[in-house]
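Asker: Starting off with a structure, shown below.
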Amino acid sequence: MAKTRQKKSHILLVDDEKALLLAFKKFLQSPKINVDTAETFNEVKSMLEKKVYDVIITDLRLTGTSKEEGLNIINMTKEKNPETQVILLTAYGNQEIMEKAYQLGAAYYFEKPVSVNVLKEALMNLGVM
């Protein structure tokens, strides 16, 4: 009987806090999941030109000027590949940001601090884990 090869999932983590990126990557990376990281909006833009991700987990605020780069990432992602799911994380959450995120097509919105277990559950619900 031939083995069926499972597709490897691709996740992009986006945050300007390098320690957080490394911690989440350590917990999410597995033989079935490839995790890339980016710290800036421009890095994300470049990476989306080269690769299609199953899920992007992004912070709302990166080291940029808009303070809402995460919303721009949702918008850009959905324009390039509508099937890519986006999870927005923020320490600066409010009802308006949450509504904007969902209107742009975010699959999940979580306020920081968020546990790795919560992210894993969301990824399972999205069929990535």
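Asker: Restricting to segment 57-89, name every residue that is of a type in the set (A, V, I, L, M, F, W, C) and either more than 22 Å from residue 118 (Cβ to Cβ) or free of Cβ contacts under 8 Å to residues at least 12 places away in the same chain (or both).
Answerer: Scanning segment 57-89 gives a single hit, 76.
Asker: Here is a list of conditions, (1) within 22 Å of residue 115 (Cβ to Cβ); (2) at pLDDT 95 or above; (3) surrounded by fewer than 17 Cβ atoms within 10 Å (Cβ to Cβ), and residue 46 meets all of them except one; can you say which number that is?
Answerer: (1)
Asker: Consider segment 79-98. How many of its residues are of a type in the set (Ser, Thr, Tyr), buried (at least 19 other Cβ atoms within 10 Å of the Cβ) and within 12 Å of residue 59 (Cα to Cα)?
Answerer: 1
Asker: So, one more: Only one of 26, 51, 112 is modelled with pLDDT under 95, loosely packed, with under 15 Cβ neighbours inside 10 Å and more than 12 Å from residue 14 (Cβ to Cβ). Can you tell me which?
Answerer: 112
Asker: Would you check if residue 54 is in contact (Cβ under 8 Å) with a residue 40 or more places away in the chain, under 16 Å from residue 121 (Cα atoms) and of a type outside the set (A, V, I, L, M)?
Answerer: In short, yes.
Asker: Then there's this: Within segment 9-20, can you find the residues that are more than 11 Å from the chain's Cα centre (by Cα), not small (Gly, Ala, Ser) and not in a loop (DSSP other than H, G, I, E, B)?
Answerer: 18, 20, listed by residue number.
Asker: Next question, about the same structure. Keeping to segment 81-90, report how many residues are outside any strand (DSSP E or B) and either closer than 14 Å to residue 14 by Cα or of a type in the set (S, T, N, Q) (or both).
Answerer: 2
The values are calculated or read from the model by the stated rules, or taken from the named source; none is laboratory data. This structure is a prediction, so every number in the text was calculated from the model and none was measured. Positions of Cβ are generated from backbone atoms using ideal geometry, with glycine treated the same way; all protein chains shown enter the neighbour counts.
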